[in-house]
Structures are given as C-alpha cells and as structure tokens.
C-alpha cells in the first residue's frame, strides 16, 4: 500500500510518502497561497503518486491545538478524496525534525523542515 502524510501549516504543507510501508521519504513541500490552490496541489500530488492512504498530522495538547485541529480538518474536507484518511498526533514533530536536521541544511522557510516533520508523522503512524 502507498501511504502519504501531510504536515499542514498556514504557509506550507510538508509531504512524505511511503511506497511500501517500510521506507518513508520526505518530498518537496507545497507552499500555500490560499486554501483552494493548496487543496488543488495536494489532490494533484495524491493522484500523481497513486496514494492509497493519507495520514494527516494533528496537534494534541498544545496551546491553540483546538483551533489548528479545526483548520486542518477543514482543509482536509476541501480535498477531493476517495481514499481513507487517518489522523496522527504530530506533537513535537517539528521540534524533532529541527533536531534531526541540525547541520544538514540551513533551516530556511523552504518547506524542507515541514516535509521532514511529515516524514516523522508517517513513521509514527507506521510504527517505524
């Protein structure tokens, strides 16, 4: 089964895939101009990669987590999905991504960190 995960943010959406449920790879993030454009880009990605199951990171027990959860679920509702969607706790994934990549690349706002966070979310879901 082909899995994909999203780390949905207000400016970027980190993306990772697992073609076999054993290896997880971060991909280029989607830069959000608006919700409609971002939803269209995510739909294109899911179709292009023939994704069979989508995992979406949700913040739990953080400040403002209820508002972000509402926004993320609303964004997912904009997607044209015919595949199952599962939610995974993303608590600490961005911090963990930053720690993992220290020295590997500069932490610019290019989306790489968001996609590493999506990779962590998918690895958690798959139990890797």
Looking only at residues that are at pLDDT 85 or above and part of a loop (DSSP other than H, G, I, E, B) in segment 81-104, which one is surrounded by the fewest Cβ atoms within 10 Å (Cβ to Cβ)? 82
Selection count where residues are out of contact with any helix residue (DSSP H, G or I) (no Cβ under 8 Å at 6 or more places or on another chain) and farther than 17 Å from residue 87 by Cα, scope segment 32-71: 14
Looking for something within 12 Å of the chain's Cα centre (by Cα), in a helix (DSSP H, G or I) and surrounded by 18 or more Cβ atoms within 10 Å (Cβ to Cβ) - is there at least one such residue anywhere in segment 50-57? no
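Would you call residue 122 within 20 Å of residue 12 (Cβ to Cβ), in a helix (DSSP H, G or I), in contact with a strand residue (DSSP E or B) (Cβ under 6 Å, 6 or more places away or on another chain) and at pLDDT 75 or above? Write out each step before concluding.
Details: within 20 Å of residue 12 (Cβ to Cβ): yes; in a helix (DSSP H, G or I): yes; in contact with a strand residue (DSSP E or B) (Cβ under 6 Å, 6 or more places away or on another chain): yes; at pLDDT 75 or above: yes.
It is true that residue 122 is within 20 Å of residue 12 (Cβ to Cβ), in a helix (DSSP H, G or I), in contact with a strand residue (DSSP E or B) (Cβ under 6 Å, 6 or more places away or on another chain) and at pLDDT 75 or above.
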Checking residue 63 against (1) over 22 Å from residue 116 (Cβ atoms); (2) at pLDDT 95 or above: exactly one of these is not met. Which one? (2)
Condition first: in contact (Cβ under 8 Å) with a residue 40 or more places away in the chain and crowded, with 19+ Cβ neighbours inside 10 Å. Now tell me which residues in segment 18-49 satisfy that. 18, 24, 26, 29, 30, 39, 46
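The values are calculated or read from the model by the stated rules, or taken from the named source; none is laboratory data. Given the structure is predicted, the values throughout are model-derived calculations rather than measurements. All Cβ positions, glycine included, derive from the backbone under ideal geometry; neighbour counts span all protein chains shown.
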